[in-house]
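Structure, as structure tokens:
The values are calculated or read from the model by the stated rules, or taken from the named source; none is laboratory data. This structure is a prediction, so every number in the text was calculated from the model and none was measured. Backbone-built Cβ (ideal geometry, glycine too); neighbour counts: all protein chains shown. Heads up: the accessible areas ignore ligands, DNA and RNA and are worked out on the full protein's heavy atoms, side chains in. Shrake-Rupley method; radii C 1.70, N 1.55, O 1.52, S 1.80 Å.
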Amino acid sequence: MTGAIAALGGIRVLDFSHALAGPYCTMLLSDYGAEIYKLEARSGDMGRGWGPPFSGGMASFFLGLNRGKLGISLDLKQPEGLDLCLRLIDQMDVLIENFRPGAMDKLGLGYGDVRKRNPRLVYCSISGYGQQGPSRDEAAMDLVVQASSGLLSITGTESGESVRCGYGVTDVTAGLFAVIGILLALRARESSGQGQYVDVAMLDSMISTMSSNYSSFFGSMVVPRPMGTAFPTVVPYKVYRGSDREFAIAVGSEKLWSAFCGVLERPEMERAPEFATNAERIRNREKLEPLLDQIFVQRTATDWVQRLRSAGIPSSLVRDFGEVAEDAQSALRQMFPTLDHPVAGKHRVTGTPVKLADTPGRVSFPAPLLGEHTRETLKRLLGSDDKEIDDWISRGIVFQSVRTGEL
């Protein structure tokens, strides 16, 4: 693998993860230069079947999350397959998995087993509720953890109906914390020479990201409820409707409130005692919001956004995915690059979120076919020859897709 200097160049990751949380983590690690060896059973990552949409028989979901990874496939239930896996672990810096707690131990691949072979290994487990505690063995999917973490109780309509966050927020958040945990452990290894276990729970991750919400709760001991697009501690801060479509505004200071009243050409609102401070506006939310609704329907949303932005007030149209994908800012930031897959063809994916000046990330190559790089990986990392590999393939110990990939 060649290219510009990469922040994580030289870091090898054995990726047992599936679905969303783990693959999102390793996608980011790959974008910044880590070598990701995606290890799958013959049945493949469940994400390969998460569609439609499909491109060339491959799920768009899988294509987007597994770019830049080398695909290998071993039968870990056969002793020789397990041995090959352990020999690969000897060559790795990081191992990541997101099975239920205890699943890797049953295979003989738990942290207690593999650290004896590779004490420098950083071993990351992502689970719903962590490796200990009364909820340890509970099954977890995104919607369930949105509910169990409290997120669903504050996300919904003003009438109180719960609404799921529009993307897999608990999976993605856990994936982000897994990246952070892995990087912290790698940094610690520079001093200690030893790897360590990284335990990431979706529940913990969501509680942490809702720190401000929980802090407000502990300060007031008032249980928060859904507020639609409104915000409990700032007013006005929500989505309004212009004459044609919706737009969002955030008036986060008294200076912005003054500018906001100027844009609305309503100086009397600025002077009104019941709206004079943010605290007063919160207390009088039910009086202010209907007044703003009546004002905003008099112009188009685009007109309002232009006026508000010219006054320095944060605002935006409520854009759909098509608008965001074709936005000039998204293009300049290279957030939707195109990859060319040998089966799926050309398809767009999301770009790198952190722009590093000296060691930039990059979207390198498309998602692998199942076991696409098995042969090349065993030859390069373990010194296996074609005769050995052909024998393992014939006995179902390893699997390689029809198309041969190149490292």
Quiz item: Once you put a point 7 Å from the Cα of Ser43 and another 7 Å from the Cα of Arg395, both along the Cβ direction, what distance in nm separates them?
Solution: 2.4
Quiz prompt | segment 238-383 - percent relative contact order, Cα under 8 Å, separation 6 or more | solution = 21
Practice problem: Give a residue-ordered list of calculated ³J(HN,Hα) values for segment 389-401 (Karplus: 6.51 cos²θ - 1.76 cosθ + 1.60, θ = phi - 60°; whole Hz; x for Gly, Pro). | Solution: 5, 4, 5, 5, 5, 5, 9, x, 6, 10, 9, 9, 5
Self-check item: Inter-label distance, nm, simple model (7 Å from Cα along the C-beta direction), Ile207/Glu190
Solution: 3.1
Quiz item: If r is the Cβ-Cβ distance from Gln329 to Leu86 and R0 is 51 Å, what FRET efficiency results, to the nearest 0.05?
Solution: 0.60
Exercise. Send over a whole-number figure in Å² for the accessible area per residue of segment 257-328, probe 1.4 Å.
Key: 57
Quiz prompt | Spacing of the two label points (7 Å from each Cα toward its C-beta) at Gln294 and Asp137, in nm | solution = 6.2
Quiz item: Using θ = phi - 60° and the Karplus form 6.51 cos²θ - 1.76 cosθ + 1.60, what ³J(HN,Hα) does each residue of segment 326-337 get, whole Hz, x for Gly and Pro?
Solution: 9, 6, 4, 5, 4, 5, 4, 7, 6, 8, 9, x
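Rolling a 1.4 angstrom probe over the protein heavy atoms, how many square angstrom per residue are accessible across segment 49-94? Mind showing how you got there, number by number?
Values: 1700 Å² over 46 residues.
It amounts to 37 Å² per residue over segment 49-94.
Please give me, ordered by residue number, the trypsin sites (Lys or Arg not before Pro) of segment 251-300 that lie in loop per DSSP and have at most 16 other Cβ atoms within 10 Å. Write out the running numbers ahead of the final one.
Details: sites: Lys255, Arg271, Arg281, Arg283, Arg285, Lys287, Arg299; in loops: Arg299.
Qualifying residues, ordered by number: Arg299.
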Quiz item: GNM, the chain, Cα, under 10 Å: largest mean-square fluctuation among Arg245, Arg225, Arg100?
Solution: Arg245
Quiz item: Which FRET efficiency value, to the nearest 0.05, do you get for Thr302 and Ala250 by plugging their Cβ-Cβ distance into 1/(1 + (r/R0)^6) with R0 = 22 Å?
Solution: 0.80
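For segment 36-151, what does the convex hull of the Cα positions come to per residue, in cubic angstrom? Can you show the working numbers first?
On the way: hull volume 15.9 nm³, N = 116.
Output value, Cα hull per residue: 137 Å³.
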Quiz item: By how many degrees, between 0 and 90 and to the nearest 10, does the Cα long axis of helix 254-264 differ from the longest principal axis of the chain?
Solution: 70
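In the structure displayed, which of Lys238/Lys346; Lys346/Lys379; Lys238/Lys355; Lys38/Lys379; Lys77/Lys346 lie more than 28 Å apart, Cα to Cα? Mind dumping the intermediate values first?
Numbers: Lys238/Lys346 38 Å; Lys346/Lys379 30 Å; Lys238/Lys355 30 Å; Lys38/Lys379 16 Å; Lys77/Lys346 36 Å.
Flagged as over cut-off: Lys238/Lys346; Lys346/Lys379; Lys238/Lys355; Lys77/Lys346.
For the chain, count all C-alpha to C-alpha pairs, find those more than 34 Å apart, and express that count as a whole percent of the total.
42
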Quiz item: In terms of the ratio Rg/(2.2 N^0.38 Å) built on C-alpha atoms, what value belongs to segment 252-398?
Solution: 1.91
Self-check item: Of all accessible heavy-atom area on the chain, the percent that carbon and sulfur account for (1.4 Å)
Solution: 55
